[in-house]
Structure formats: structure tokens, C-alpha cells
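What follows is a single structure, written as C-alpha cells, with notes after it.
The values are calculated or read from the model by the stated rules, or taken from the named source; none is laboratory data. Please read these numbers as outputs of a predicted model, since none were measured by experiment. No Cβ is skipped: glycine too gets one built from the backbone with ideal geometry, and neighbour counts run over all protein chains shown. SASA here: full protein model, heavy atoms, side chains in, ligands and nucleic acids out. Shrake-Rupley method; radii C 1.70, N 1.55, O 1.52, S 1.80 Å.
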Amino acid sequence: MQFVLNDLSIDTEERSVCRGDQALKLPDLSFDVLVKLIEAAPAPVSVVELSESVWRTTHVSDDTVAQRIALLRKALGDNPKVPVYIRTVRGAGYCLAGKVTDDDHTPKQRPTPPAFTRPRAIAAAAALGGLIVASWMLFGNSAPQSYKTSPVAAADANAEAMLLVRRARQQLSLHQAQETDRAINMLREALAREPNLFDARLTLSFALSTKATKFRGDKLEKTEAESIARTLINERPDSSSAWSALGYTLSSQGRPDEALAAYRQAFSLDPQNASALSSAAHLHQLKGDLHQALILEMKARNVGGASRYAEIQIAQVLELIEHPAANDWRAQAIALNPEQAVILAEVAKSHLRRGEPEAALDLLAQYEGNDTSAPHILVLRGRALIALDRTEEARRVLEMSGWRGRYGLAAISALAGDPTLAADFFPPDKRVDLASDPDPDLRVQLAEVFAALGEEDDALELISQAVSLGWRDIRWLQQSPFLSALISTNRGRQITSRIAQELEAQRQLIEATEELEPILSG
């Protein structure tokens, strides 16, 4: 069904919104909200109605719905103060601000809602195969092998599963916590219909790793992501995408060498796999091989693509060697991905390195998602507050960030003369395990706790180990509220001098490599 709302053309079957010849990009949830408002027009739709029809649950908060309405308005270019598309009806919900007509310009009179907004072919197949679909629902996944599914029902299940996979990928492309969770649920639903669907399993592995890496994930999700990826590789050892999925989950688990091997295999199978190249570049950066990191980023750009984070990763490398082009790449990253959590976090880190905590707080305030679902945003906010001597505020923010904020909380308490939190979080046996982790950033965080406890020798040893593992961020150490004094000691200066020598060697390599000139010119 096609509708016209002011200057917008809306096609519920194609799931498209256009303003003249310009297609507007709407996330699935935003489009579903718009369709619900169209169905109800001119009457308002309550938050409860939106929750039940769009989210298919009653457990959606008013804030979540309000955020979704805000995203929809932003996508349509609507001003909530002077709305032309969507207006808030106090006490009743939301409704369309303009008149909506159908494709023959008849005023909207509550048409029959499209069934789950699926294409007609899928709905028709479902109707033809209704009896067999009912049988599938009865037997579930335990149907005997001898049971022969009708070709119509089989095609229907596959088509519905692939539709869910496509919609899940759209959600993942938004890089938001709630959309990632929704994508995971869609993929599990797709696999309930087609348990062996390769694309669904591949996307689920990526989604689980994304949740674990970018948002509030856990060890079980990382383990599941790895198990799925390895199963896919066993089935299709020549699948570059499956090897990329394995590299991603290994990286999320702090296993960089294994992850690099997986990414190398991915782009050896497909030299056009720009995402694998860019992901491998990030791991080389973490290992301190900045020259190789930029080489891989350049290769990714030459084959016609790169990851969403390519620009910010390039900016990070150039900032470490104090190259002026870092500013240009940082600006590009923000322009291409405004309000995206990872980009905002990395630019906020840059402000903290330069001793600009207020600028970091202002930038982090641009994040529109749920803070508790993006704990790295909260951790950085906590660090900025500590730098501003707003310790109690920092403590509250870090407490909200879960386990990621434990290092900061323990260090704050220890610095204030209370070592009990550090003792609870990091008992001697746990310290041994943490100190054996290959992640250099983890060692620096642990060093901050030790320095706050007054265990300076252990703190310096951890920093030295981090440098051996690839840590190259001198300014972060110098601006740390827990390490700055330690870094100014003789042994601390020896460590920073060692980092400076490594960075100078990398800078000379980078500037002498002709193929990197396009990156260095900004």
C-alpha cells in the first residue's frame, strides 16, 4: 500500500519513504512506528499501543518509545517544536501532524493493517501452506527426518527466515545497543524457522560479538559466537565471511594473535574483504605495529571499502605519532558517523589525552542511546568527571557501567584511603589472572589501581608489560589521574622514553612509505 504524507511518499510493501526523488533511510523500528501512526490516523496512538504493535511486548518504557519517535522525526527532518509530520498529543501519545492519503489520494480512513509488513508473495505462500505451517508449529524442531515438508511451506519458511536476516542486518548497521538486541532476537527467530540457514548463523555470530564488544555483552555470548563461527568454517572452509566472524569473536575475547590469523585467512580467500583488512589493521595498532596498521587500512580503501571505524582508526594512529592529519581524519569520522558510540568514545579519549575533560563530557552527551547499554561511554564520562574533581558524580557514573567501571571505582576509593574495594575486586589470585591477559589496555587499568594503592613497583611493572604488548599512548599515561605522578619519576620517564623511541621508529617508517601518502595528506 502506498500513502502520501505532505511531501513524503510511503510504500508499506517496499518499506520505503521518499521525498521526491530522495530516498530517506529509516531503521525498521522507525518505519514500523510510522506505519502504525498511518494506520491509526487521524487518531493518536498511545505508548502502550505502539509497544504492543511495534515492539510486540508491553515491557517497553515511555523513554524508549520517545527516543524512537525522536529518531523518526530526525530521519524525516521534522521539528518537534513546529511539527509537520508527527506531533505529541499530551496524555494520549503521538499522531500524524499532516493529512495522509492513499495512492489514489483518498483521505486515510484506517485501512486494514498489512500483515507484519511482509511482501505479498510471503503472505500468499503462508495462506496456501497454512495447514502445513500449523503442523510445523506443532512439531517444532523435533519433527522426524522422514517428515516431508511441502515445497510451498519450505519456500515460505526460507523466505520468511531470509526476510528476518535482512531486517536484522539493517538493525545491526545502526550500531545501537537496542537495535543489536532486536537483531539477535530476529536471527534466533529466523533459525527457529530454518535451523541450518548459513546467513542467519553467520549474522548471529557477528551480532553476538558486536554486543560483547560494543555494548553490554557477556562471556556466554562470546563463546556462542565463536562456536557458531567454527561450525560455519567446518561446513564451508572457503568462506571468507566465516573466517571474518571467527576473527571478530576472537578479538572480542582478547585473543589478538588468533584473531589476526583468522583475518589473514579471510582476506586470503577474498582479497576484496575490506572489512577483514580494516579489522586486522586495528589489531596491529593494538600490538604497536602502527605502520602495518596503516598499510592494511590503505589496502582496504584501495579495494573499494573499509569498516565503519576506518577513519577513526587512522586518526588514532596519526595522533599517536603526532601527525597533523589526525585532525582531518577525526573530523571525517564524526561527519560520517555522528552520534555513533564508538566514534564518540574515541574522540572523547582524544580530548582526555589533551587534558580537555569538559570537551570530552560535551561530546559524550551527544550519544543518544541508553548509557547503561554502552558502558564504555559511562567509563569515559567517569574519567572526565574525575579529572574535574567531581569524584562523587564519577563514582555514581562508574557504578552504572558494571564491571568495566570497577577499575576506576577501585582506584578512586584507594586514592581516598579506602583499599577495601580494590581488595574485593582484585584479590591476589585474581590479579595473577588479570596480569596474564594479553590486552595491554587491561594492564594499564590494573596499574592505575595499584598506583592508587601505593604499590608503585607493581604498577610500573604492569605499564612496562603493557608497552611490551604494544601500548603506545604516552599522553594517556601522563593525563591519568592515578598515574601522572608515577610517570614523572625516573623509572616512569624511562618507560615513556621507551614508548617515544618506538613511536619515532614507526613515524619514520610511515612517512617513508609512498603508498601511505593519501592517508598522510588527510
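Here is a list of conditions, (1) among the basic types (Lys, Arg); (2) in contact (Cβ under 8 Å) with a residue 60 or more places away in the chain; (3) surrounded by fewer than 16 Cβ atoms within 10 Å (Cβ to Cβ), and residue 25 meets all of them except one; can you say which number that is?
Result: residue 25 passes all but (2).
Specify which of the listed residues (37, 5, 50, 96) is closer than 19 Å to residue 179 by Cα and either surrounded by 14 or more Cβ atoms within 10 Å (Cβ to Cβ) or among the hydroxyl-bearing types (Ser, Thr, Tyr) (or both). Full working, then the answer.
Working: 37 fails: closer than 19 Å to residue 179 by Cα; 5 fails: closer than 19 Å to residue 179 by Cα; 96 fails: closer than 19 Å to residue 179 by Cα.
None of the other options fit; the residue is 50.
Name the residues in the range 194-210 that are open to solvent by 10 Å² or more (accessible area, probe 1.4 Å) and of a type in the set (A, V, I, L, M, F, W, C), would you?
Answer for the range 194-210, where residues must be open to solvent by 10 Å² or more (accessible area, probe 1.4 Å) and of a type in the set (A, V, I, L, M, F, W, C): 197, 198, 202, 206.
Based on what the data block shows, is residue 488 polar (S, T, N, Q) and more than 25 Å from the chain's Cα centre (by Cα)?
Yes, satisfied.
Return the pair list, or none, for Cβ contacts closer than 8 Å from residues in the range 173-187 that are in contact (Cβ under 8 Å) with a residue 60 or more places away in the chain to residues that are open to solvent by 60 Å² or more (accessible area, probe 1.4 Å), at least 6 apart or on different chains.
These pairs meet every condition: 175/308; 177/216; 177/370; 178/370.
Hey, among the residues in the range 458-485 that are farther than 27 Å from residue 388 by Cβ and of a type in the set (Ser, Thr, Tyr), which one's nearest to the chain's Cα centre (by Cα)?
That would be 468.
Taking the range 14-42 on its own, how many of its residues are in a loop (DSSP other than H, G, I, E, B) and over 25 Å from the mean Cα position of the chain (by Cα)?
Residues flagged as in a loop (DSSP other than H, G, I, E, B) and over 25 Å from the mean Cα position of the chain (by Cα) within the range 14-42 amount to 5.
So which of 394, 416, 411 ends up being in contact with a Phe, Trp or Tyr (Cβ under 6 Å, 6 or more places away or on another chain) and either surrounded by fewer than 19 Cβ atoms within 10 Å (Cβ to Cβ) or under 18 Å from residue 452 (Cα atoms) (or both)?
411
If I filter the range 465-480 for residues that are among the aromatic types (Phe, Trp, Tyr), closer than 24 Å to residue 290 by Cβ and either in contact (Cβ under 8 Å) with a residue 24 or more places away in the chain or not in a helix (DSSP H, G or I) (or both), do I get at least one hit? Talk me through it step by step, then tell me what you get.
Keep residues of the range 465-480 that are among the aromatic types (Phe, Trp, Tyr), which gives 471, 476.
Then keep just the ones that are closer than 24 Å to residue 290 by Cβ; that gives 471, 476.
So of that shortlist, the ones also either in contact (Cβ under 8 Å) with a residue 24 or more places away in the chain or not in a helix (DSSP H, G or I) (or both) come out as 471, 476.
Among the residues of the range 465-480, at least one is among the aromatic types (Phe, Trp, Tyr), closer than 24 Å to residue 290 by Cβ and either in contact (Cβ under 8 Å) with a residue 24 or more places away in the chain or not in a helix (DSSP H, G or I) (or both), which makes the answer yes.
Picking from 246, 260, 250, which residue would you name as being hydrophobic (A, V, I, L, M, F, W, C) and either open to solvent by 30 Å² or more (accessible area, probe 1.4 Å) or over 19 Å from the mean Cα position of the chain (by Cα) (or both)?
On the way: 246 fails: either open to solvent by 30 Å² or more (accessible area, probe 1.4 Å) or over 19 Å from the mean Cα position of the chain (by Cα) (or both); 250 fails: either open to solvent by 30 Å² or more (accessible area, probe 1.4 Å) or over 19 Å from the mean Cα position of the chain (by Cα) (or both).
One residue alone meets the criteria, 260.
Given the structure, is residue 346 open to solvent by 30 Å² or more (accessible area, probe 1.4 Å) and in contact with a Phe, Trp or Tyr (Cβ under 9 Å, 6 or more places away or on another chain)?
When the stated conditions are applied, residue 346 passes them.
Filter the range 160-193 down to the residues that are open to solvent by 50 Å² or more (accessible area, probe 1.4 Å) and among the acidic types (Asp, Glu), then identify the one that is nearest to residue 30 (Cα to Cα).
Here the answer is 181.
Residue 237 is checked against (1) modelled with pLDDT of 90 or more; (2) in a helix (DSSP H, G or I) and fails just one. What number does that condition carry?
(2)
Return the only residue of 300, 325, 310 being in contact with an Asp or Glu (Cβ under 8 Å, 6 or more places away or on another chain) and either in contact (Cβ under 8 Å) with a residue 40 or more places away in the chain or open to solvent by less than 30 Å² (accessible area, probe 1.4 Å) (or both). Spell out the reasoning first.
Numbers: 300 fails: in contact with an Asp or Glu (Cβ under 8 Å, 6 or more places away or on another chain); 325 fails: in contact with an Asp or Glu (Cβ under 8 Å, 6 or more places away or on another chain).
Residue meeting the stated conditions: 310.
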